[in-house]
1. For chain A, set up a Gaussian network in which alpha carbons nearer than 10 Å are linked by springs, and say which option among A:151, A:54, A:94 fluctuates the most.
2. Would you mind giving the mean number of other chain beta-carbons within 10 Å of the Cβ of each residue in B:26-37, as a whole number?
3. Can you tell me the FRET efficiency between residue A:7 and residue A:87 if r is taken as the Cβ-Cβ distance and R0 is 41 Å, rounded to the nearest 0.05?
4. If you average the C-alpha positions of the stretch A:85-156 and of the stretch B:7-25 separately, how far apart do those two centres end up, in angstrom?
5. Counting other Cβ atoms within 10 Å of each Cβ, which chymotrypsin sites (Phe, Trp or Tyr not before Pro) in the stretch A:1-34 have at most 14 and sit in a DSSP loop?
6. Using Cα positions and a limit of under 22 Å, work out the lysines in reach of residue A:2, with same-chain residues fewer than 8 apart set aside.
7. What are the ³J(HN,Hα) couplings of the stretch A:188-200, residue after residue, when phi is run through the Karplus curve with 6.51, -1.76, 1.60 and θ = phi - 60°? Round to Hz, x for glycine and proline.
8. Filter the chymotrypsin sites (Phe, Trp or Tyr not before Pro) in chain B to those in DSSP coil with at most 10 other Cβ atoms within 10 Å of their Cβ, and list the result.
Amino acid sequence: MKVFNSTQFYNYSWDYVSAANWCKYPNELSTHVVGVDVLRREFDPNKGTLTTERLITCKQPIPRWLMFLVGGQDKSYVREVSVIDRNQRTLTMRSCNLTMCKLLRVYETVVYRPDPVSPVTRTRFDQVAEITAFASLRQLCDKLEDWSVERFGQNARKGKLGFDSVLKNLEEQWHGLADKTQTLLDEVNEKTNDVMSGVNEKTGDLAKIFGYRN
Amino acid sequence: MGNLMSTSFAPECTDLKQKYDACFNYWYTEKFLKGKSVYNECEDLWADYKECIDIHLQKQGIKPMLDEARKEAPFENGGIPVDKSNEK
């Protein structure tokens, strides 16, 4: 497991940031987020907490050559549960990927709270992401081999069908060609016969001249 | 706050979602944050929207993945994974 940590500050009040958090998407820099849905939301007036479960839909962020890992799915999903405590002024969001989670899991925790130094005008943002890969190299290789065999089969089938159509087309030309060849051969034969008989005649004349003929 | 509103994973539900979001965003800023609210308003709009997404979560095969994740990190637990809260 690897851990990613980050702390940022926003020069806005926590109230403003926490409200804007619901409108974070779409934004110009996060074009991979294509959907945000509220699956469940509960308000506890006694504790002053609001708990929300959301589904974040992203365009598949993985490179095309790795698409075989997810079976050609073009979307990935993240589930997020957030708790807002209006008395403590904290917004805590926990999220985990739903797609590919057998291979790689990213469990992220984000906390927005008023900056202790200037609580009215600044908000502190802490982010921790725990990244765990479950797939062994062996599993990845198996997956790659399965995919390759499948792809090879598909291409082989395509190859057979393609060559079949070529064979079918050429067949007609081939028979046409064979007919033409036969005609040509016949013509050549005829011509050869003509020439040969001409030669024979001439040879006969010469023989007569030189007395070779008995 | 921002003119653009996010869409639903299911385009069929985007209208219902945006109606709900508009209601919620107002409630959040004007009631929740100010401590003026004693109940979760906008529930009716959410029920319509939820009905729509439930159908599509099923259709698009997202439901099983979601159920699995819910077992691992329950809503009631604030999304904290069960194995982690046991460690504490």
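Each value in this text was obtained by applying a stated rule to the coordinates, not by laboratory testing. The structure presented is a predicted model; accordingly, all values stated were derived computationally and were not measured. Cβ placement follows ideal geometry from the backbone for every residue including glycine, while neighbour counts extend to all protein chains displayed.
1. So, out of A:151, A:54, A:94, the one fluctuating most is A:151.
2. Taking all residues of B:26-37 together, the mean is 4.
3. The formula returns an efficiency of 0.95 here.
4. When both Cα centres are located, 25 Å separates them.
5. Answer by residue number: A:12.
6. Straight-line reach from residue A:2, under 22 Å: A:102, B:84, B:88.
7. 4, 4, 4, 4, 4, 4, 4, 4, 4, 5, x, 4, 4
8. Sites meeting the loop and neighbour criteria: B:39.
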